[in-house]
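Following: one structure in structure tokens, then a few remarks.
The values are calculated or read from the model by the stated rules, or taken from the named source; none is laboratory data. Quick caveat, the model's predicted, so the values are computed rather than measured. Don't worry about glycine lacking a Cβ; one is built from the backbone with ideal geometry, like all the others, and counts go over all protein chains shown. SASA here: full protein model, heavy atoms, side chains in, ligands and nucleic acids out. Shrake-Rupley method; radii C 1.70, N 1.55, O 1.52, S 1.80 Å.
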Amino acid sequence: MSDIVFMKKALKLAARGKGRTSPNPAVGAVIVKEGNVIGEGYHKKAGTPHAEIIALEMAGSEAKGATMYVTLEPCCHTGKKTPPCTRAIIRTSVRKVVAAVNDPNPLVSGKGIRELQKAGIETEVGIMKAEALKLNEAFVKFITRKEPFVILKIAQSLDGKIATAKGESKWITGEKARGHVHRLRNEVDALLVGAGTVQKDNPSLDCRIRGGRNPYRVIVDSALRISARARVFNYNDNKTIIATTNRANPSKMDRLVQRGVQVLVVKSSQGKVDLKALMKKLGRMDITSLLIEGGSSVSAAALSCNIVDKVMFFIAPKIIGGTDSYPSVGGKSPDRLIHATRLRDLRSVKTGEDILLEAYIA
């Protein structure tokens, strides 16, 4: 039971770095001696000290003979901005290391634990493994496949509509649900919408919580038809990305680049941006997580090309009705139910007057 208590504390610490450590994982560490916490820390940002190092510095000489609880196997590889954590752990004579899960990074993946064992340090792996994997689900996919973890978020009425026939969609869900979405924006590396959403709503695509930070803004626009006066171009942080195809006007691309917009020319699929190819490009930019907030067409395209890992449906207690209103997922329906997108691990959470349904693609 004490192992679980201390690992819970380490996971809670790790969560404080969520959304700040990319492309690194969020990690927390707690050092315990005779039942007392003598050191703790979490990884705050890529390039800064890892959780284990911060905890060891706090513990000082008391770390000798102590037990370290860490949410991810300590790193042992070189060639990065920070030195291997295993060497510091060995040097300070920690008696035991309890890790929640092995590092999925092929450069580590068990090697860190073996290095500690070789130095005579007792190890244990697997305490609260499921919780640790969920905390770093984006990192796990990114480090093994070099693609971002993709969340499809939809705000809809009870009957599955995202807008009236005239296109009115503000606001289907309530204030608490919208606040939840801004917290999501604070945690992911990037959010993605289609050109239609930018043209219709002219959104800022920012994060509006205190202390939050804006993610990359990815706009899928196969023919580069959105207005150069759109709000997404009003930033000077070089975090606006236009994903287009060779159908785009070269001179318009050049003008956007001069304004600090990153233009990605992606191969096309049936005249549209190939989203699978786009994910590869975003992965090469070290974007580890992506929130899709597009309209019905973008949602349908993302599901049909199998880039979505997780769905989050915010459902409002409203019925819009009408065959002419906008469905949450457009496109063509499958011929048979067996071809419908299946989900797993469905859970529901009340968010104000709305309900959040969250699940993973099966």
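Determine the share of region 62-166's accessible area contributed by carbon and sulfur atoms, expressed in whole percent, with a 1.4 angstrom probe. Before the final figure, lay out the partial values.
Values: 2510 of 4670 Å².
That fraction is 54 percent.
Under a 5 Å amide H to amide H cut-off, with H placed in plane at 1.01 Å, what residues pair with LEU152 once short-range neighbours are removed?
Counting only residues 5 or more places away or on other chains, the set is ILE292, ASP309, LYS310, VAL311, MET312.
Find, to one decimal place in angstroms, the Kirkwood hydrodynamic radius of region 47-138, where the mean of 1/r is taken over every pair of different Cα atoms and then inverted. Provide the component values of the computation, followed by the final result.
Numbers: mean 1/r = 0.0756 Å⁻¹.
Kirkwood radius, region 47-138: 13.2 Å.
Across the chain, where is the longest run that never hits GluC sites (Glu not before Pro) in a DSSP loop with at most 16 other C-beta atoms within 10 Å? Each step should come with its number before you reach the end.
Values: sites that count: GLU34, GLU168, GLU353.
Longest run free of exposed loop sites: 169-352.
Per residue, how much accessible area does the chain have with a 1.4 Å probe, in Å²?
Counting only protein heavy atoms, the per-residue value for the chain is 50 Å².
Lys and Arg at +1, Asp and Glu at -1: add these up for the other residues within a Cβ distance under 12 Å of LEU275 and post the number.
Details: positive: LYS267, LYS272, LYS276, LYS280, LYS281; negative: GLU147, ASP274.
Overall, the nearby charge balance is +3.
What percent of all Cα-Cα pairs in region 286-357 falls into each 10 Å bin, going from 0 up to the bin containing the maximum distance?
With 10 Å bins starting at 0, P(r) equals 14, 42, 38, 5, 0.
Convert each backbone phi in region 199-210 into a coupling constant with the Karplus relation 6.51 cos²θ - 1.76 cosθ + 1.60 (shift: θ = phi - 60°), then list the ³J(HN,Hα) values in order as whole Hz, x for Gly and Pro.
5, 7, 9, 6, x, 7, 6, 10, 10, 10, 10, 4
Report the antiparallel proportion of the DSSP beta bridges in the chain as a percent, rounded to a multiple of 5. Numbers along the way, then the final one.
Details: 27 of 62 bridges.
So the antiparallel bridges amount to about 45 percent of the total.
As an exercise, identify the trypsin sites (Lys or Arg not before Pro) in region 266-362 lying in DSSP coil whose Cβ has no more than 15 other Cβ atoms within 10 Å.
Those that pass, being in a loop and sparsely packed, are LYS267, LYS318, LYS332, ARG336, ARG342.
What is the distance in Å between the Cα centres of region 98-128 and region 160-199?
Region 98-128 and region 160-199 have Cα centres separated by 41 Å.
Lysine pairs in region 94-178 8 or more apart or on different chains: how many have alpha carbons under 25 angstrom apart?
Within region 94-178, the lysine pair count is 21.
Just the Cα atoms of region 1-50: what Rg and Dmax do they give in Å?
Rg, Dmax (Cα atoms, Å): 11.5, 35.
Over the alpha-carbon set of the chain, divide Rg by the Kirkwood Rh and report the Rg/Rh ratio to two decimals.
Details: Rg = 22.8 Å, Rh = 22.2 Å.
Ratio of gyration radius to Kirkwood radius: 1.03.
From the gyration tensor of the Cα coordinates in region 166-238, what semi-axes in whole Å does the equivalent ellipsoid have, largest first, with each one equal to sqrt(5λ)?
One finds semi-axes of 21, 17, 10 Å for region 166-238.
Only helical DSSP H runs with n ≥ 4 go in: add -39500 (n - 2.57) per run for the chain, normalise by residue count and round the 222 nm mean residue ellipticity to 500 deg cm²/dmol.
The helix-only estimate for the chain comes to -8000 deg cm²/dmol at 222 nm.
Considering only protein heavy atoms and a 1.4 Å probe, what is the carbon-and-sulfur percentage of the accessible area of region 276-355?
That share works out to 52 percent.
Find the percent of Cα-Cα distances in region 240-339 that exceed 23 Å, and round it to a whole number.
Beyond 23 Å sits 41 percent of the P(r) for region 240-339.
Apply the Karplus curve 6.51 cos²θ - 1.76 cosθ + 1.60, θ = phi - 60°, to the phi angles in region 8-14 and return the couplings in whole Hz, x for Gly and Pro.
Once rounded to whole Hz, the list reads 4, 5, 5, 5, 5, 5, 4.
Relative to the present Cα-Cα distance, how much length would full extension add between GLU124 and LYS64 at 0.36 nm per residue of separation?
19.8 nm
Rg to Rh for region 87-183: what is it, with Cα atoms only and Rh by Kirkwood?
Value, to two decimals: 1.26.
If the only charges are +1 at each Lys and Arg Cβ and -1 at each Asp and Glu Cβ, what is the size of the charge dipole of region 1-156 around the Cα centre, to the nearest 20 debye?
480 debye
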